[in-house]
Each structure stands twice: as C-alpha cells, then as structure tokens.
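Have a look at the structure below, then the notes.
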Amino acid sequence: MLGAAAVEAEPRKAISQSFAEWSPQVTPPSRTPSDPDIPTLQEVVGHGPTERLTRPAEVVRYLEALAEAAPERTRLIRYGQSWQGRPLVMLAIAAPGWWEREEEVMAGLARLADPRGLAPAEAHVLVSEMPVVTALLHAVHGNEVTPVASALMLAHHLLAAPNDPHVARILGESVVLIDPLQNPDGRARFLAENALGVGPTPDSDPLAAERDHPWPGSRSNHYLFDLNRDWFGLTQVETRERVRELLRWSPHVVVDLHEMGSNSTYYFPPSAAPGNPHTTATQDTLFTLFGRENARVFDERGWPYFIREIFDGTYPGYGATWPTAHGALGKTFEQASPRGMVVERDDGAILSYADGAERNFEAALRTALTAAENRERILRSYLEFRRSAIAEGETGVRAYLLPPGRDPGLTRRLAGVLAANGIEVDQATESFSAEGRDFPDGTWIVAMDQPAGRLVRNLLDPETPMDPTFLALQEERRAQRLPAQIYDLTAWSLPYLWNVESVPVRSAVVVPRDRVPPALLDEAPGDGAAVPADLPPARVGWLLPWNSATAMVTAGALSAGISLNAAGGSFAVQGRDFGVGTILARAAELSGDDRRELARLAHHHGVEPMAVGDGFVDRGISLGSNQMRRLPGGRVLLLWDEPSSSQSAGWARWVLEQRYGLPVSVVRAGSLGRAQLSRYSVIVVPQGNFRGTLDGPLLDRLRHWIRDGGTLITMGESTRWAASEDVGLLATRAESRDRVSPPATEPGTPIDLLEAVTPEREPPESISGALLRVHLDPGDVLAAGAGTELPVLVSGTRIFSPLRLNEGRNVGVYAPLDDLVLSGVVWEEARPQRASKAFLVRQPLGRGRIIAFAEDPNFRGYAEGTQLLFMNAVLLAPAF
C-alpha cells in the first residue's frame with residue numbers, strides 16, 4: 001500500500017516511503033534519551049524521525065504529544081495557518097522555573113527589546129536574570145526535507161534527556177523556540193510528488209522521479225512564493241503570522257535551517273561578503289564565536305563544512321538577516337539535501353536522510369548550547385544594539401514622513417507593513433510643518449530614535465551601500481566575464497518599490513500623534529465603522545479617482561457585474577480635478593443592489609465616491625465623451641505550468657486574487673489550445689520562454705483573439721519571447737551588447753589581451769536587482785495613478801528598443817543616463833545602453849492590444865508601484 005510500511009507477508013515488496021534499513025533512526029550514543037514518559041515519534045505516528053518523511057499533520061500531532069507529556073517544560077504555540085489551512089506551530093521549551101515566572105519573563109524580554117529609560121542597575125538585573133531566547137526555524141522551503149526530522153529529534157532530546165548536562169544548561173539558561181515546519185503546504189506538495197515517484201526500495205539516482213519533481217516543484221508555498229525572501233514584505237500569511245509571534249518573544253539567537261544541493265556539504269556562518277552595513281561589530285564577533293563552536297563539533301565527527309563563500313548577509317528579507325536587523329544573531333544553516341531518503345552524489349558517495357538530519361540536529365543543539373553558555377554576553381549585545389539604534393536615530397535623519405499623497409490607501413498599507421515589522425509608526429492627528437514644508441493631518445511618522453531604527457534604515461533609506469572593496473572585486477570579475485558574487489538584490493528601498501513619497505527630516509517632529517497598531521496591515525480602512533446603506537444621492541453618478549484602493553473597488557464591482565466606466569483623459573467637474581483612469585459609475589446604469597454593493601466596496605477600501613449632480617465639466621473630457629469608456633469586465637486567464645517561471649506565475653496570481661481581489665482562471669500553458677479564448681478578455685503570460693508551447697496554429701489563434709479585442713500582457717522573459725522575430729507579436733526587439741572589432745595588428749605587435757578575448761556579441765551587462773527611474777506618459781491609462789515617473793526594480797540582461805511612433809506607444813521608458821539610477825549597483829558600462837529604452841509598451845493589433853513589461857511588475861508581491869501598472873493593464877486597458 002502506497003505510503004505504508006512494507007510489513008505485509010506477500011511475495012511482492014510493497015511500495016513504501018519507509019526505508020528503515022537504509023536510514024535508521026538517528027540516536028547518537030552520547031545523546032541517548034532516558035525519560036520513558038516522553039513519547040517518541042515512533043510511538044505517536046508509527047515511524048522514527050528518519051525512517052520516512054514525516055507529514056505536516058504528523059509533525060503537529062507529535063508536538064502536541066510532547067506538550068501534553070511535559071506541560072511544565074513546554075508551551076505549544078499555534079501561531080497561524082497556511083494558505084491551505086495547515087497549522088503553523090512552535091514548541092517553546094524551557095526549565096520549569098522559567099514557566100513559573102512566565103509573565104515576568106515575557107515582560108523582562110520586552111523591556112530588553114525597548115531599553116528607553118532603562119537604568120543601568122535595572123539593565124544589569126535583566127541581563128543577569130532573563131533567559132536567552134533561541135529560535136530554531138526549519139524548512140521554510142517545502143523540498144528541504146531533513147530539517148523537519150532534526151527539529152523533531154531535537155524537541156524530543158531536550159525533553160527526554162534530563163540527565164544530559166548540556167540539556168540542563170540549555171533549559172536552565174534559555175527558552176528554545178522550535179518551529180519544525182515553516183512551509184507545510186510546500187512540504188505537502190513535495191510528499192505528494194515523492195509518493196508518486198517512489199518505488200519498493202529507495203532510488204539514489206539524482207534524477208529519480210521521487211526527487212525530480214515537475215513544475216512548480218515544492219520549494220515555494222501555495223502561491224509559489226519563496227518565503228525566505230518575504231520577511232519584510234510580509235505578503236504571505238505564513239510569514240506574517242511567524243513574524244508576529246517572533247516579535248512577541250524578541251529572540252536573541254535565530255537559526256534558519258535550510259538545505260542546498262546534494263553535492264555540497266554543510267554551511268554555517270560567518271557569512272560571505274559584503275554583509276549589511278547596519279550589522280554591528282559585536283554581532284560579527286559573536287557570529288564567529290558560534291561558527292567556531294559548530295566547527296568544533298563537525299571536526300570531531302569528521303564532517304566537512306564551509307563558511308562564508310556563498311551565502312551573504314546583505315538583503316534584510318531573509319530568515320537570518322531580518323532578525324539580525326532587529327539586533328538578534330540571525331544565522332542560516334544549509335545542509336546538502338538528499339531530496340528524499342537517499343541520493344548518490346557526483347563523487348559516488350551516498351547521502352541519506354539520516355545523514356542530513358543528524359548534522360542539522362548537532363548544529364542546532366550546539367547552537368542552543370553556545371547561546372546558553374554565553375547568555376549574558378548575548379543579552380548585553382542585544383541590549384546595546386537596541387540602545388545604540390536609538391542613539392543613532394537622534395542625529396542625522398531624525399524621521400521619515402510619509403504624507404498620504406495621491407494614493408492614501410497605499411501609503412496606509414506601507415505604514416501597516418512597517419508596523420507589522422516591529423517598527424514604531426505614528427500618524428499625525430493635526431497638520432504641521434517640518435523643514436519649511438507643510439504636511440497634512442494623517443501623515444505617517446517613522447522616527448529614527450527607536451529600538452528598531454536600524455531596520456528602519458534598511459527599509460526606508462534610499463540606498464543601502466555595499467562595501468567598496470567587495471565592489472572592486474566584482475569589477476575585476478566582470479572584466480573576466482566571471483559571474484558576480486552578489487547573492488540577491490542590491491536595492492530594496494520600500495518607498496521606491498511602493499512609489500510612495502518618503503521625506504527625511506533632520507529635526508524633531510512636534511505634532512500630536514497616534515501610535516499605529518501592528519495589526520493595521522490586517523485591517524481594511526473601513527473595518528470597525530458602520531457600512532453606509534447606499535451611495536450619496538446623485539443625478540449623474542459617482543466619481544472615484546484612480547489609485548490602488550479604487551482598483552480594488554473596481555475589481556470587486558466588475559466581479560459583481562456592476563457597470564463602470566473609466567476616463568481616458570483628465571477633466572474637472574464641480575470644482576475638482578480628476579485624472580486619467582477615474583471611474584464613473586452612472587446612476588442610470590446601477591440598480592439599487594448595485595449602488596449598495598458599490599457603497600460597501602468603497603467603504604471597505606477607504607474610497608469616498610464623489611456624487612455628481614451636474615455633468616457639465618469645467619474643462620477636459622466630458623462625462624459623456626467617447627473617452628469615457630465602459631469597462632468590459634470579462635474573465636482573466638493566467639497561464640500556468642511550464643514553461644512559465646513558477647514564481648512569476650505565483651506572484652501574478654497572488655496580486656490578482658489576494659492583493660486586488662480579482663478572480664482569475666489559471667490555465668496550464670499546455671491546455672491553452674483547448675481553451676475557448678473568446679471567454680476571456682485578458683490573458684496574462686508570466687515570465688518564461690514560450691517557444692515550442694505557444695507557436696504554430698495556437699499562436700495564430702492568439703493573434704486572432706487579440707485582433708478581436710483581446711488584451712495580452714507579457715513581462716520579462718515572456719516579453720522577450722513575444723518580441724522575437726519568429727513570434728513577431730511585438731515590434732520591439734531585445735538588444736544584445738555588440739562591440740566593434742579592433743583593427744588587425746601587424747605580426748609581432750603587442751595586443752591588449754582582454755580586448756582580444758572579449759566576445760563580439762553577448763548579452764547586455766547584467767543588473768543585480770537595482771532600482772531605476774522610469775518616465776511615464778501620464779496621459780495613458782496604463783500609467784493612471786502612478787504619476788509621471790516610477791522607480792522600477794531591474795534584474796538581469798533584458799533591454800528592449802522603444803517602439804516607433806507608428807508601431808505603438810512607449811508608456812514607460814527608462815530615464816536618460818544622468819537620471820537613470822536611483823538605488824543599487826549598476827555598473828557604469830551597463831548604464832548607457834539601458835537609458836531611454838522601453839520599460840512598458842502598448843502595441844495595437846486590430847481591436848486588441850499587447851501590453852509588454854520589460855521586467856516583472858509583480859516582483860515578490862511587494863513591488864507595489866509596478867503592480868498598479870499591471871492592474872491598470874488588466875482592468876483599464878481593455879476599454880481603450
């Protein structure tokens with residue numbers, strides 16, 4: 001029976017995920033538990049921790065059993081649910097004495113986290129008497145299999161080995177938080193695919209079906225997001241709930257246990273260059289201390305490992321770097337993965353599930369012990385980090401001000417994200433002036449003199465500088481055409497990514513204010529207030545200026561079948577100006593139910609429709625103009641499955657379904673040929689090369705669909721596909737980097753070796769996640785609500801030529817050379833070719849159009865500025 005142990009007395013051998021003979025339960029002799037009252041995993045779910053892959057529900061069941069068996073030493077924390085409804089749990093383990101003082105301990109930990117007004121004597125007492133909190137987080141990626149086993153092994157060991165002096169030291173000096181499975185939906189997907197490929201015995205072939213899984217793989221969560229990039233974006237429920245719980249504990253040591261390729265060994269910090277400039281020297285010293293202690297254990301066991309080399313600590317959105325920006329010692333551990341029960345490495349060695357679990361177990365246990373042995377030192381480091389962050393915020397930039405601006409709902413959402421990150425955010429209750437400028441009431445204030453000030457710097461500073469020595473090395477590597485050693489992005493300033501104004505001020509802001517609750521992100525603007533029974537009286541209709549909130553109202557209204565119109569030009573009526581994209585709901589076109597639903601939607605999203613009693617405009621287009629177009633609504637189709645980038649497809653789906661509340665039909669690319677295209681008004685093509693999938697007769701059908709009025713949206717690599725000569729959907733072309741060959745030299749004449757070996761044709765210079773300025777055409781509906789320029793996250797080598805005037809419209813183009821770069825690393829040689837090139841184009845075809853983005857507008861779900869352009873393409877563009 002599939003998934004059951006092979007215990008039946010039959011001639012055949014049952015297909016099973018249980019391979020105890022290959023991967024026996026790991027219980028090192030020196031760590032043999034001795035408390036029979038603490039149940040083993042075998043006793044609770046029927047298998048040992050390394051006999052087979054434990055299912056998400058079994059993980060929860062075992063933690064429940066441990067908590068029930070040792071209530072005086074544990075607290076089972078149910079901190080949330082995944083998108084698919086699976087429980088998210090942690091087990092907190094400590095000596096009974098800590099739990100007897102639980103309320104006092106939690107208050108003390110909170111006081112350490114906020115040391116304002118803390119007298120030296122009180123600080124000394126707290127450091128002397130409070131536990132160090134060590135958080136061990138496992139398997140943020142669904143295909144990282146061994147960390148789950150090691151988490152369950154460690155939880156059992158800490159409870160079942162009371163006579164182990166190391167365990168006594170750990171529990172006597174610390175609280176250990178064990179999150180055994182951060183991504184249960186991803187693991188469930190991995191187990192489902194693994195079960196389909198598994199045979200009677202484990203297959204060690206690296207390409208065996210049990211580990212070589214089809215699109216989208218199982219690394220990501222339900223929406224195909226990489227949860228290890230979401231720590232400050234907080235787009236996913238798993239991240240948001242975990243961050244909320246960790247902020248309650250303010251941990252001092254955080255380990256994020258991962259897996260990497262099977263041919264590697266084991267990684268623990270110190271991390272690779274360049275690091276984050278807001279990490280302190282004291283933190284770096286302690287990282288080395290922990291690294292040496294782990295190395296000692298691995299050396300004793302004869303296990304290979306490496307430090308630095310690959311995994312850096314720069315981007316603050318990892319499970320290791322986000323806690324570090326709060327003052328903790330955040331670390332990434334990486335174990336070579338068997339991606340199942342057993343795998344053969346390229347060197348012929350066999351790597352088993354048990355091998356990985358044992359290494360993770362020892363590394364986590366040694367880390368918890370090191371934290372306990374250095375409790376006071378770590379607490380002092382954490383306290384000083386939080387104190388010095390406050391002191392740094394009292395000089396230089398004193399605060400960032402976020403005025404409501406043209407999109408108050410988006411600014412409010414950014415304030416909510418910051419508050420949910422553990423950052424103190426206030427909202428002014430009166431208008432005020434700062435540094436010669438007036439700010440309205442409702443302006444959000446993020447003071448720098450707060451314990452989380454360094455995280456504020458990470459997220460709100462326009463630029464996070466990189467080490468010049470590291471950048472010089474990368475320049476040398478570039479000259480040799482070696483890949484850059486930049487692991488992730490080089491820019492991530494949230495005001496840029498959100499296209500929200502952020503004003504730094506260097507003087508104290510004096511104004512009455514209210515503190516923003518951390519739960520603001522989870523609350524809609526209309527929550528808690530009475531829902532209006534109807535729209536305000538109007539003879540002509542109601543106007544809703546276009547912004548992200550109006551886009552959500554529009555998505556909900558169109559889904560409910562409510563008739564709406566959008567303005568293709570600007571105008572003024574009743575003394576008020578309205579821009580392109582403004583929504584007009586005509587009174588004559590709405591039923592009573594329509595009005596009530598529209599009133600509910602507007603209230604929920606914080607939009608105030610303006611009643612229009614006189615349709616005679618002061619200037620601009622008329623309300624009855626042909627430029628006031630009926631939005632067609634219609635269904636949206638999102639291409640899914642290969643050859644789509646799974647992350648790009650997931651980002652687009654999340655933006656449509658969750659961020660803006662618009663239903664979408666998710667159709668596999670291989671099934672598009674069977675689809676009745678006339679049912680859809682918009683087709684979204686995520687990043688990917690669709691050559692071989694969308695070609696021949698199907699490509700011809702797609703062209704006919706566009707000519708009949710359809711809207712095709714491409715992005716990044718799918719724009720490159722659409723612009724290729726053999727596809728020909730777009731007139732733009734992807735550029736390459738060419739050079740003029742040097743003149744021939746006479747025999748014996750010295751040559752410039754680097755010039756001689758440089759290719760004559762190659763891709764453009766690559767950009768590692770920088771923010772560039774894009775100029776927008778404010779008269780086009782694709783730019784509605786975004787202003788005249790927009791910061792755009794650029795990554796890779798894609799450069800597209802602008803459309804000619806007779807081919808279409810360049811709605812967004814990169815700024816000229818002198819104004820191009822806003823933030824991040826962009827090599828000087830990469831800038832000229834990209835300047836003034838196309839970012840967003842609209843090309844007509846018959847009655848339809850193709851809308852193409854040079855980059856992915858939905859990047860990681862937190863590029864809110866470009867996401868609005870994407871929603872403009874989905875909601876507004878089909879009408880024009």
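Annotations
- Selection within the stretch 39-80 - of a type outside the set (S, T, N, Q) and in a strand (DSSP E or B): 75, 76, 77, 78, 79, 80
- Residue that is at pLDDT 95 or above, open to solvent by 10 Å² or more (accessible area, probe 1.4 Å), touching a Pro at 6+ places or on another chain (Cβ under 9 Å) and farther than 30 Å from residue 391 by Cβ, where the choices are 87, 96, 71: 87
- The residues listed here are 506, 539, 513; of these, the one that is open to solvent by 60 Å² or more (accessible area, probe 1.4 Å) and either touching a strand residue (DSSP E or B) at 6+ places or on another chain (Cβ under 6 Å) or of a type in the set (A, V, I, L, M) (or both) is 513.
- Number of the condition not met by residue 218 [criteria: (1) in a loop (DSSP other than H, G, I, E, B); (2) under 22 Å from residue 863 (Cα atoms); (3) in contact with an Asp or Glu (Cβ under 7 Å, 6 or more places away or on another chain)]: (2)
- Selection of the stretch 514-531 for residues being of a type outside the set (D, E, K, R) and within 24 Å of the chain's Cα centre (by Cα) yields 516, 517, 518, 519, 520, 521, 524, 525.
- In this structure, residue 135 does satisfy being open to solvent by less than 10 Å² (accessible area, probe 1.4 Å) and not in a helix (DSSP H, G or I).
- Condition check for residue 207: on the phi > 0 side of the Ramachandran plot and assigned to a loop (DSSP other than H, G, I, E, B): no
- Looking only at residues in the stretch 51-67 that are without any contact (Cβ under 8 Å) to a residue 60 or more places away in the chain and touching a Ser or Thr at 6+ places or on another chain (Cβ under 9 Å), the one that is surrounded by the fewest Cβ atoms within 10 Å (Cβ to Cβ) is 67.
- The number of residues in the stretch 857-866 being open to solvent by less than 10 Å² (accessible area, probe 1.4 Å) and in contact with a Ser or Thr (Cβ under 8 Å, 6 or more places away or on another chain) comes to 5.
- Filtered by the rule that a residue be open to solvent by 10 Å² or more (accessible area, probe 1.4 Å) and part of a helix (DSSP H, G or I), the stretch 370-380 gives 373, 375, 376, 377, 380.
- All positions within the stretch 278-318 that are in a loop (DSSP other than H, G, I, E, B), open to solvent by 20 Å² or more (accessible area, probe 1.4 Å) and either modelled with pLDDT under 95 or of a type outside the set (Val, Ile, Thr) (or both): 278, 302, 303, 304, 305, 308, 309, 310, 311
- Answer from 324, 332 - the residue that is among the polar types (S, T, N, Q), touching a strand residue (DSSP E or B) at 6+ places or on another chain (Cβ under 6 Å) and outside any strand (DSSP E or B): 324
- Tally, over the stretch 803-848, of residues that are free of Cβ contacts under 8 Å to residues at least 24 places away in the same chain and open to solvent by 80 Å² or more (accessible area, probe 1.4 Å): 5
- Flag for residue 720 being farther than 25 Å from residue 634 by Cα and outside any loop (DSSP other than H, G, I, E, B): yes
- Scanning the stretch 528-544 for residues that are within 22 Å of residue 593 (Cα to Cα) and modelled with pLDDT under 90 returns a single hit, 529.
- Residue 191 being outside any strand (DSSP E or B) and over 30 Å from residue 373 (Cα atoms): yes
- Checking each residue in the stretch 381-411 for being open to solvent by 50 Å² or more (accessible area, probe 1.4 Å) and in contact with a strand residue (DSSP E or B) (Cβ under 9 Å, 6 or more places away or on another chain) picks out only 398.
- The stretch 545-570 residues that are over 17 Å from residue 599 (Cβ atoms) and in a helix (DSSP H, G or I), paired with ones that are among the hydroxyl-bearing types (Ser, Thr, Tyr) and open to solvent by less than 10 Å² (accessible area, probe 1.4 Å) (beta carbon under 7 Å, 6 or more apart): 551/660
- Pairs with Cβ under 7 Å, 6+ apart, first in the stretch 112-123 and within 18 Å of residue 377 (Cα to Cα), second hydrophobic (A, V, I, L, M, F, W, C) and open to solvent by less than 50 Å² (accessible area, probe 1.4 Å): 112/126; 112/130; 112/379; 112/383; 115/123; 115/383; 123/383
- Filtered residues of the stretch 595-609 (kept if open to solvent by 30 Å² or more (accessible area, probe 1.4 Å) and either touching a Gly at 6+ places or on another chain (Cβ under 7 Å) or not in a loop (DSSP other than H, G, I, E, B) (or both)): 595, 596, 597, 600, 603, 604, 605, 606
The values are calculated or read from the model by the stated rules, or taken from the named source; none is laboratory data. Quantities reported herein were computed from a predicted structural model and do not represent experimental measurements. Methodologically, a virtual Cβ is constructed for each residue, glycine included, from the backbone with ideal geometry; neighbour enumeration extends over all protein chains shown. Note: accessible area is taken over every heavy atom of the protein model, side chains too, but ligands, DNA and RNA are not part of it. Shrake-Rupley method; radii C 1.70, N 1.55, O 1.52, S 1.80 Å.
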